Each structure stands twice: as structure tokens, then as C-alpha cells.
Amino acid sequence: MRVLINWCKTAVFLSAGAASILPAHADPLRLPFAALNEYFSHVPALPIRLPNNDVPGDIYITPYEGYQARNGECFPQLVPTEAPTNLAAAQIVASQTAQGEIGAKVSEIVDLTAQAGVSLKENYALVFDDASVRSYTNLEISDALQHLPTNCADRLRTILGSSPNQTVQGVLWILRDVISARMTAELAVESGNTANVGAELDARLNGLISDPKVSISSELQSSGKVKIGYASVLPVAYRPAFISLDDMRRLQYYDEHAFWAWFKGVLTGTTPALDELKKVREQFPDIPDADVGGLPRPGAIYKRMGEGKPIEYNPENPEHRAYLEHSSLLLAASWELYREP
């Protein structure tokens, strides 16, 4: 199933049929990570900020800081299962930003087509095709942690306790499931006579691309679209092997106060978002490393997710699924408020 994500200049995100009111990132080279966090909260999963051939068994320092170790160092004997996955169709409204060369070339594509008398819509679509998920089971990971290769054990010795699947300082950020997909941005015609568009424009559009992993096609005459995308499938989201029991219990406190229903309304509703998000900050007075108010920066949220007693993530457990959903929602608000790179 393909996931359709619409982008515009004035708002950030969200779920199918919902109007968004969060301000968008202005940097045209930036992945709209706040939007992706909100979208993947419905899966639930956590989006991958900077895809780098991520696979099950990779271990982050934190998702904010990069890798502690890669799969081959710690789990060379494990082979993940792979299966198609259903990502429900959704709309994400955000700025004209996308990862890498897709985002960098959007304005140039708009300019070139304008010179040919064709106006493209401010909104464009990011389509995820060929979605699949690769996974290890909890048992596979737990067994493998009992027999780590020496080089991996040495790498992790500062955080491993006497029992490898329990940690002294917190949770090992091991990737349990990795969701991958092929990304294509589709820019649609708003006005103009596409019948007059010729091969010269096609050649100039193709001249914009220098990365062999990225392709562009002009379908203005046939479908009224220009498509630019990655030729290969990329990792887009993950689920961890372990989560923090302490952080899960901390977030469950807010269940008793109807916080999450209100919070989703802030992200997808029609009230002024920034005014409402100021109230969100006030809900987290116990977080010392936050800015004015209480909602912490993304790095601090990831830090708290990695602290406390680790437990295996069970995708069939509604409490665990709710924890990933709510963590993603908090990250969405935090990325949007603080505009961190």
C-alpha cells in the first residue's frame, strides 16, 4: 500500500482528513521530522531521522546521537524475517521540505516549469511505495545478547550489566523492527497548458539531478505531474527491542488526566497551535533540562526514553504500543517547537 503525504508551505501535518495548524520548517533541505513523528505515531513506530542502511540489530547511542554499534558487530548470526507491511494512507501537510536532493530541487523544478508556462501546486506529495518490515523476535535478541562477540561486548561494556539483556544505566537502543519504503515526491500541475511542454523541458529537468540514486521524470503531458524520487528502498522507521518501564509509567500518568486526547487535538485541530503548545510545556514541570515551561528538547526526550528499567517491547501489548505512540507525539511537538536540525 502506498502512503500519500501532501506538503504545503503554511502548516505542518497530520492524520488523514485532519487540518494542520503547526508552523512548518522553513529550511528547504530539512526533513519535516515533526510531521513524520506524528504520522508514525499511528503505526506506531519511531521515524528514522537520517537513514543510513539501518537494519534490525543496529544499536543507537540514542536516536539523536548516532550508532553505538552496527548489526554485524553484535548479531552476525541472526537473519531477520522480512514481510510486506501496511502503512495506512494518510495526509501530512508540511513545508516544501524533504530529505536530500528531493528537497533541494523542488524550487528549481517549480522555476523551470514556470518558464514553460506551467504552474505547479504549492502542495506536493511524498509517496511511500514497496513498504516492508524486517524484524528479529524478542527471543532471538535476548538469546544473542547472552553470547555477544567480543568486539561488540567491548563496545557496549560501559552500559551492559552482568546480565547482557539488562543494563545498568538504562535501555539499549536496539532496533527490533525496521520499516523501509521507496520515496517519491510528486509535484502536480495547478494551471497552464501542458500540451505545449516539450522534450526541452524534460532534458532541463533531468539536468537538475547529479545523484545516480535519484531519478526525475516529467509526466506533465500524460498525468500532469513531475516525479522526483529515490531509486532504492530506504529505512523510514523502526521499533525498539527494549523500552523504559520507568518512562512508560511516567507517560501513563497523563492518561488519567485526558492529556493525550487533548494533545492530539492540538496537533491536528484548528486552534492556534503555538498558543496551545505553550500549555503543553506546562504539563511537564518535572523536567529540569527543558526550556521555559516543561516540554523538553528532542535530545532530552530520547534521553528519558533510554533511562530506567528496560523491558522487552511487545508489539501485541497495548501499553507498549501506546508508549511508542505517545513518545512519537511528544517528539513531534518538541521538534516543531525547538526547530532542531
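Structural remarks
- A Förster distance of 56 Å, applied to the separation of the beta-carbon atoms of Lys309 and Ala114, puts the FRET efficiency at 0.45.
- Take each peptide in 69-81, 299-311, count the other Cβ atoms within 10 Å of every residue, and average; sorted highest first, the result is 299-311, 69-81.
- Packing-based order for 37-50, 313-326, using average beta carbon neighbours within 10 Å, highest first: 37-50, 313-326
Taken together, the values in this text are just the output of simple stated rules run on the coordinates, not laboratory data. Since the model is a prediction, treat every value here as computed from it, not as a measurement. Note that we place each Cβ from the backbone using ideal geometry, even for glycine, and neighbour counts take in every protein chain shown.
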